[in-house]
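Please treat every number below as a calculation from the coordinates, not as lab data. What you see is a predicted model, and the numbers here were worked out from it, not measured in a lab. Cβ placement follows ideal geometry from the backbone for every residue including glycine, while neighbour counts extend to all protein chains displayed.
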Amino acid sequence: MRKKVIEIYQSGKGYKAISKALELPRTTMRAIIYKWRKHGTVENLPRSGRLTKITPRAQRQLIQEVTKDPTTTSKELQASLASVKVSVHDSTIRKRLGKNGLRGRVPRPKPLLSKKNIKARLNFARKHLDDPQDFWENTLWTDETKIELFGRSVSHYVWHKSNTTFQKKNIIPTVKYGGGSVMVWGCFAASGPGRLAVINGTMNSAVYQKILKENVWPSVCDLKLKRTWVLQQDNDPKVHL
């Protein structure tokens, strides 16, 4: 487009005619012609400023460090490079990592799973791998959790590439029942969320059965599950049927 502007300009056309012919704002067209008259080109000019001091070796060091520990901060990386006599601003480090596909992002919270939990979930997945879609659409899932009403929010960032958000090293493990002010029971199915119940006092078998009696059937009706619906509880043995 810029070259076309110059071609028409050199043919003797005026600014107004060029702007109308190419449907370009006059300010854009004037800037292109001014640049051509001053520099003799409409191509992007080389940028001025100091060349980066990050050598290929230093770059490899940066990538290795954040790959090993994604929570490493740019200030820590700056100090690491300084130890090998490479002095750069931390913003330069962030830009260089960005060019290599590594960007600082807030890590996603994800429940902390023990090896036993992981094994149980994998076994469950394998057991139901070939279940028909109808099974999943008519399963009511239940669980309890403690919700923190007042929690201290601390900002953390991790360096990672796209599509690696939920890799183990790029998440913040969360601990169930790790402190809070209200315990709730809830359920959901493929068609949406069911009833939610606040648990007052200690959760025991009697309290749990009362919650099921008052909330499961209404949820099944609300979610329009079929007669063959299945109740899928979590794996806490203390209170379940």
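Measuring how big region 76-149 is from its alpha-carbon positions, Rg and Dmax come out at 22.7, 64 Å. Residue separation of residue 231 and residue 164 scaled by 0.36 nm, minus their Cα-Cα distance, works out to 20.8 nm of gained length. Listed by chain and number, the lysines whose C-alpha is less than 19 Å from the C-alpha of residue 35, apart from same-chain residues fewer than 8 away, are 3, 4, 13, 16.
Residues 124, 188 in ascending order of nearby Cβ atoms (within 10 Å, fewest first): 124, 188. Ranked by the mean number of other Cβ atoms within 10 Å of their residues, highest first, the peptides 191-200, 8-17, 136-145, 87-96 fall in the order 136-145, 87-96, 191-200, 8-17. Taking a straight Cα-Cα cut-off under 16 Å and skipping sequence neighbours fewer than 8 places away in the same chain, the lysines within cross-link reach of residue 116 are 176.
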